[in-house]
1. In the set ILE39, ILE66, which member is open to solvent by less than 30 Å² (accessible area, probe 1.4 Å), assigned to a loop (DSSP other than H, G, I, E, B) and at pLDDT 95 or above?
2. Quick one: what pairs do we get from segment 18-39, first residue within 11 Å of GLY82 (Cβ to Cβ), second open to solvent by 70 Å² or more (accessible area, probe 1.4 Å) and assigned to a helix (DSSP H, G or I), C-beta under 6 Å, 6+ apart or different chains?
3. Just give me the residues in segment 42-63 being part of a helix (DSSP H, G or I), of a type outside the set (S, T, N, Q) and in contact with a His (Cβ under 7 Å, 6 or more places away or on another chain), in sequence order.
4. Kindly indicate whether any position in segment 44-62 is modelled with pLDDT of 95 or more, open to solvent by 30 Å² or more (accessible area, probe 1.4 Å) and acidic (Asp, Glu).
5. Restricting to segment 1-17, give me the number of residues that are open to solvent by less than 50 Å² (accessible area, probe 1.4 Å) and either within 10 Å of the chain's Cα centre (by Cα) or not small (Gly, Ala, Ser) (or both).
6. Do we have any residue at all in segment 72-83 that's assigned to a loop (DSSP other than H, G, I, E, B) and either surrounded by fewer than 14 Cβ atoms within 10 Å (Cβ to Cβ) or touching a residue at least 40 places away in the same chain (Cβ under 8 Å) (or both)?
Amino acid sequence: MFHGPGNCYACHGSKGEGLVGPNLTDSEWIHSKGTLEDIEVQITHGVTKEEAKSGIPMPPKGGSSISDEDVKAVAAYVYSLGHK
């Protein structure tokens, strides 16, 4: 999902190290505490331009039409990147 239909890689890079979007591989969580639940909520609802620390918004579900189950899969993957 991260590298395909979820479109996550387009902003966060193929390894999640950040491009336009923030690095997801370090221990710093910019918009949440980095819990699995927080990450699921953030993916589902996105980050508005006003909320974004960089000023660059993330649309809900990264602008994709992935399902709620897909969101959970992406969140688990993202969680694994930053919690090694």
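The values are calculated or read from the model by the stated rules, or taken from the named source; none is laboratory data. Computed from a prediction, not measured in an experiment: that's the story for all the values here. Glycine gets a Cβ as well: all are built from the backbone with ideal geometry, and neighbour counts include every protein chain shown. The accessibility values were calculated without ligands, DNA or RNA, using every heavy atom of the protein model including side chains. Shrake-Rupley method; radii C 1.70, N 1.55, O 1.52, S 1.80 Å.
1. ILE66 is the lone residue from the list that is open to solvent by less than 30 Å² (accessible area, probe 1.4 Å), assigned to a loop (DSSP other than H, G, I, E, B) and at pLDDT 95 or above.
2. As it stands, the answer is LEU36/TYR79; ILE39/TYR79, since those pairs meet every condition given.
3. Once the filter is applied, which keeps residues that are part of a helix (DSSP H, G or I), of a type outside the set (S, T, N, Q) and in contact with a His (Cβ under 7 Å, 6 or more places away or on another chain), segment 42-63 yields only PRO60.
4. No, segment 44-62 has no match at all.
5. 5
6. So far as segment 72-83 goes, yes, one or more of its residues are assigned to a loop (DSSP other than H, G, I, E, B) and either surrounded by fewer than 14 Cβ atoms within 10 Å (Cβ to Cβ) or touching a residue at least 40 places away in the same chain (Cβ under 8 Å) (or both).
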